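Readers should treat all values here as calculations from the given coordinates under stated rules, not as data from a laboratory. Just so it is clear, the structure is predicted and the values come from calculations on it, not from any experiment. No Cβ is skipped: glycine too gets one built from the backbone with ideal geometry, and neighbour counts run over all protein chains shown.
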Amino acid sequence: MCPKPLVHAKLSSNSKLFLAVAVLGMVAGTAIIGLRPARAGEVNSPSASGYKVLEPIQHASLTVFPVVASKSYPTGQFLTLDEGLRSGEVVVTEYGNVRGLVRRRAVPAIHDGAQVNTLVLINNSKRPLLLLAGEIVTGGKQDRVIGKDRIVPAESDPVDLSVFCVEPGRWIATSEHFGTSGATYGGGTGAGMGVSSGKVPMPSTLMAQPSVRAKAMGDKDQSQVWAEVRKQQSAMSQAVEVTAAAPGVQNELASTSSYARVMENKAVKEQVDAVAKPIEQNYQSLIKQLRDRNAVGVVVAVNGRIIWADVFASTELLEKYWPKLVRSYASEAVVSRAKGAEVSGKQAQAFLEDMEGRRETIENEPGLYRHTEISGDGFKAFALTSLLPKTGFEIHVAKMAD
């Protein structure tokens with residue numbers, strides 16, 4: 001087992017998040033935040049951090065601002081959850097099913113019964129595994145959403161995962177282990193576009209939409225996660241009904257408690273794809289053009305209001321997560337009713353840079369990763385820093401608007 005995390009909390013006054021919304025520039029172990037000078041035709045003035053927000057890509061009520069960085073980091077050693085589940089090198093199972101899966105030694109305090117907020121993961125790969133908060137694994141007694149970013153070491157013993165149920169109402173096993181959702185993300189070629197050979201789409205885990213991710217990451221409360229899941233299921237059903245979906249679709253959506261099944265419903269996927277695909281394809285094309293510019297993330301606005309940002313350590317990681325991330329953003333856009341003024345690049349830049357916080361919490365797994373959460377005025381931000389040999393950089397940063 002990995003050593004238990006060391007958690008520290010402290011109040012920060014007039015200090016930037018030292019891990020921040022930046023996947024670059026470690027100086028004496030501390031990341032520096034800011035943006036590098038803009039080039040002609042791009043928004044925003046020079047800043048110190050090395051990040052710059054580009055002109056937005058917009059479709060319907062969803063707007064994404066591509067983010068480029070002054071530096072990219074080597075991330076090829078990291079295995080994603082989708083890659084691990086597809087290859088069979090990563091096993092996720094209920095807490096009570098772990099016996100017999102231990103690699104080197106007995107796992108203490110393993111009980112016979114499954115638990116709502118506990119899953120066990122074994123990484124049999126020779127690569128460290130990257131888990132992102134918001135990824136949904138389906139199966140077992142209930143579908144679960146991962147509650148925080150973390151790194152699982154290569155060839156690990158069973159690791160307790162911090163998860164939340166996103167399927168209120170079911171506690172009957174559909175399978176012993178968990179796997180991919182059955183969702184497919186087409187439209188491109190290569191593993192980074194969600195297909196293994198360029199021809200056959202492969203199942204992928206879902207990424208929960210930002211409103212659900214926020215409850216798991218920020219509130220860390222199962223009842224609030226359940227409440228948000230029900231709210232979004234109802235909103236999606238209403239959105240589909242407005243489009244005069246085929247008879248029976250509303251009954252089908254109402255009959256399931258599974259967030260994943262709602263999002264995989266054909267009528268729902270058509271609604272989400274209508275928003276997601278144009279942006280996915282446009283940005284994927286832009287990523288290729290900006291590969292030498294280190295395209296690493298996005299700032300996201302829905303109906304004229306900035307709601308989220310995801311930033312990675314490399315273009316390679318962004319490409320791997322982009323297909324399911326953009327669908328999570330599009331799902332939010334489909335159900336959102338609030339209207340706001342048009343968002344400017346200057347506002348997106350300010351959102352990315354504003355990291356002044358009132359409270360900062362740091363969790364360490366020595367030699368593996370550091371997870372930092374900062375609460376500021378109107379936002380929460382989360383940074384995952386790799387502490388593995390020859391790393392020391394931030395793998396992923398997420399920021400949500402409260």
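Among residues other than Phe164 whose Cβ falls under 11 Å from its Cβ, what is the net charge (Lys/Arg +1, Asp/Glu -1)? Spell out each step's value before the answer.
On the way: positive: Arg144, Lys148, Arg213, Lys215, Lys220; negative: Asp143, Glu167, Asp219, Asp221, Glu228.
Around Phe164, the charge tally is 0.
Taking the Cβ of each residue in Val91, Val212 as the centre, tally the other Cβ atoms inside 10 Å and list the residues starting with the fewest.
Least to most surrounded, the residues fall as Val91, Val212.
In terms of the Cα gyration tensor, with a ≥ b ≥ c the square roots of its eigenvalues, is the stretch 270-402 rounded because a/c is under 1.5, prolate because a/b exceeds b/c, or oblate?
Verdict is oblate for the stretch 270-402.
I want the local charge near Leu318. Using Cβ-Cβ distances under 11 Å, sum +1 for each Lys or Arg and -1 for each Asp or Glu among the other residues. Don't jump to the answer; show the numbers that get you there.
On the way: positive: Arg291, Lys320; negative: Asp310, Glu316, Glu319.
Net charge in that neighbourhood comes out at -1.
Can you put Glu228, Glu55 in order of Cβ neighbours within 10 angstrom, beginning with the fewest?
Least to most surrounded, the residues fall as Glu55, Glu228.
Using amide H atoms built in the peptide plane, which far-off residues or other-chain residues are under 5 Å from Arg127 H to H?
It is Glu155, by chain and number.
Under a 5 Å amide H to amide H cut-off, with H placed in plane at 1.01 Å, what residues pair with Leu368 once short-range neighbours are removed?
Leu387
Is the C-alpha gyration tensor of the stretch 344-389 telling us rounded, prolate or oblate? Criteria: a/c under 1.5 is rounded; beyond that, a/b larger than b/c is prolate, otherwise oblate.
oblate
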